[in-house]
1. Test E122 against the criterion of being without any contact (Cβ under 8 Å) to a residue 60 or more places away in the chain, assigned to a helix (DSSP H, G or I), at negative phi and acidic (D, E), and give yes or no.
2. Between a residue in segment 69-85 that is closer than 21 Å to D153 by Cβ and any residue that is open to solvent by 20 Å² or more (accessible area, probe 1.4 Å) and of a type in the set (K, R), which pairs come within a Cβ distance under 9 Å, given they are 6 or more apart or on different chains?
3. Within segment 111-126, can one find any residue that is closer than 19 Å to Q60 by Cα, out of contact with any Lys or Arg (no Cβ under 7 Å at 6 or more places or on another chain) and modelled with pLDDT of 95 or more?
4. Take the residues of segment 96-154 that are under 26 Å from A45 (Cα atoms) and of a type in the set (K, R): which is least open to solvent (accessible area, probe 1.4 Å)?
Amino acid sequence: MVIGVITYTYRTNLVWQGSTGAGYRHYARRHTAVAPPAAEMELSADPHFRGDPGLTNPEQLVVMAASSCQLLSFLAVAAQAGIDVVGYTDSAEGVLSNKHPRRLERIALAPVIRVIPGTDHERVRALIDKAHDGCFITNSLTGTVTITATVLDA
């Protein structure tokens with residue numbers, strides 16, 4: 001039996017004020033965004049595009065979303081498989097190309113996953129791939145997302 005398609009909606013609010021009247025070099029890139037009920041956050045353009053280096057930029061948010069989605073997908077499949085994961089860190093990196101159209105060409109995730117001693121590390125690696133296949137965010141991107149995971153006993 002085929003079940004109908006289910007959709008989920010995600011809303012955010014963004015506010016910018018300023019003037020572009022003086023040209024590209026002079027308008028403010030700082031703006032605020034909120035994904036209710038979370039707290040509002042200040043954002044800016046990447047410093048390469050005249051943004052504030054002290055603020056998070058949209059490209060970082062995409063990389064962070066891919067990293068977070070992989071974590072959550074992995075924890076779900078690990079829990080379903082009875083694998084006890086006790087720690088997970090990731091140092092993710094995205095690369096933006098100046099090719100047309102501009103896009104994040106690749107995102108590299110490098111999770112370090114800590115499991116209880118005696119856990120089959122190869123099984124954990126298989127679950128990493130399964131989680132990657134089920135990650136909503138990376139499935140929505142056109143660039144390549146790679147995962148180089150390290151599995152350690154806690």
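1. Values: without any contact (Cβ under 8 Å) to a residue 60 or more places away in the chain: yes; assigned to a helix (DSSP H, G or I): yes; at negative phi: yes; acidic (D, E): yes.
Yes, satisfied.
2. F74/K130; V77/K130; A81/R123; A81/K130; I83/R123; V85/R114
3. From segment 111-126, those closer than 19 Å to Q60 by Cα are 111; that's our starting set.
From what is left, the residues that are out of contact with any Lys or Arg (no Cβ under 7 Å at 6 or more places or on another chain) are 111.
Applying the additional criterion that residues be modelled with pLDDT of 95 or more yields 111.
Yes, some residue in segment 111-126 is closer than 19 Å to Q60 by Cα, out of contact with any Lys or Arg (no Cβ under 7 Å at 6 or more places or on another chain) and modelled with pLDDT of 95 or more.
4. Across segment 96-154, the extreme among qualifying residues is R103.
The values are calculated or read from the model by the stated rules, or taken from the named source; none is laboratory data. Since we're looking at a predicted model, the values are computed, not measured. Cβ sites come from the backbone with ideal geometry, for glycine too, and all protein chains shown count toward neighbours. When the accessible area is computed, the model is the full protein with side chains, heavy atoms only, and any ligands, DNA or RNA have been set aside. Shrake-Rupley method; radii C 1.70, N 1.55, O 1.52, S 1.80 Å.
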